[in-house]
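Each value in this text was obtained by applying a stated rule to the coordinates, not by laboratory testing. What you see is a predicted model; the values in this text were computed from it and never measured. Every residue, glycine as well, gets a Cβ built from its backbone with ideal geometry; the counts of neighbours run over all protein chains shown.
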Amino acid sequence: AQSVTQLDSQVPVFEEAPVELRCNYSSSVSVYLFWYVQYPNQGLQLLLKYLSGSTLVKGINGFEAEFNKSQTSFHLRKPSVHISDTAEYFCAVSKSGGSYIPTFGRGTSLIVHP
Amino acid sequence: DGGITQSPKYLFRKEGQNVTLSCEQNLNHDAMYWYRQDPGQGLRLIYYSQIVNDFQKGDIAEGYSVSREKKESFPLTVTSAQKNPTAFYLCASNSDSLSNQPQHFGDGTRLSIL
């Protein structure tokens, strides 16, 4: 079975600063990787996904993530954050060609200060 | 616009009472899911359904029941056997059983005990 570890439960940052939210996974087979964002009292929205091909994936709202197979990581980055980026971020992984049920990390709360 | 509608947004349960959370989708998706979200614990899978009239238990199915009589609908009943039902419940769907399809989420139902 696959597992996902989001290394930081909370990341405080000042507005316009860069940010990196870390995600590591473990799986014995190839995987698909996702980042979702959740605003207060709402459901999750897809930010970006890695299925295959280029390891640098660009998503919505200026976010990007890099798939690193040797490090089994899929860290999310944004060069300059806004107050509106304050939200909970979830990393998820599903097995390639196997069970389609994704495993979610516990989430990272990004708090952007003015 | 297509999407997932969850209702009600807030729900209160009395001791010994069963309550049902509604989830409807007009995305023509085959697969539907129910998750429970507690602070700091990420998303935990309660039940999922791949096709009409078929569903499987997830990781925390005890105290919950579901039905899938129509493709569009996947209601969740929180029974009196669920001793700690206070949580945020999320319904999700995706197009088919291929594991590279991201999930679409509703805006959730927050259940509390009276």
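Right, B:Gly16: part of a loop (DSSP other than H, G, I, E, B), out of contact with any Leu (no Cβ under 6 Å at 6 or more places or on another chain), on the phi > 0 side of the Ramachandran plot and within 13 Å of another protein chain (Cβ to nearest Cβ) or not?
No, not satisfied.
Pick out the one residue from A:Val31, A:Val37, A:Val19, A:Val57 that is crowded, with 18+ Cβ neighbours inside 10 Å and away from every other protein chain (no Cβ under 14 Å).
A:Val19
Consider A:Leu46 against the criteria (1) of a type in the set (A, V, I, L, M); (2) in contact with a Ser or Thr (Cβ under 9 Å, 6 or more places away or on another chain); (3) assigned to a strand (DSSP E or B); (4) facing chain B (nearest Cβ under 10 Å): it satisfies all of them except one. Which criterion is unmet?
A:Leu46 satisfies every listed condition except (2).
Collect the residues in the range B:41-54 that are surrounded by fewer than 14 Cβ atoms within 10 Å (Cβ to Cβ), more than 10 Å from every other protein chain (Cβ to nearest Cβ) and of a type in the set (S, T, N, Q), keeping them in residue-number order.
The one that is surrounded by fewer than 14 Cβ atoms within 10 Å (Cβ to Cβ), more than 10 Å from every other protein chain (Cβ to nearest Cβ) and of a type in the set (S, T, N, Q): B:Asn53.
Between A:Glu88, A:Glu64, which is touching a Lys or Arg at 6+ places or on another chain (Cβ under 8 Å) and either more than 10 Å from chain B (Cβ to nearest Cβ) or not small (Gly, Ala, Ser) (or both)?
Of A:Glu88, A:Glu64, the one residue that is touching a Lys or Arg at 6+ places or on another chain (Cβ under 8 Å) and either more than 10 Å from chain B (Cβ to nearest Cβ) or not small (Gly, Ala, Ser) (or both) is A:Glu64.
For the range B:55-88: of the residues being without any contact (Cβ under 8 Å) to a residue 60 or more places away in the chain and among the small types (Gly, Ala, Ser), which is surrounded by the most Cβ atoms within 10 Å (Cβ to Cβ)?
B:Ala87
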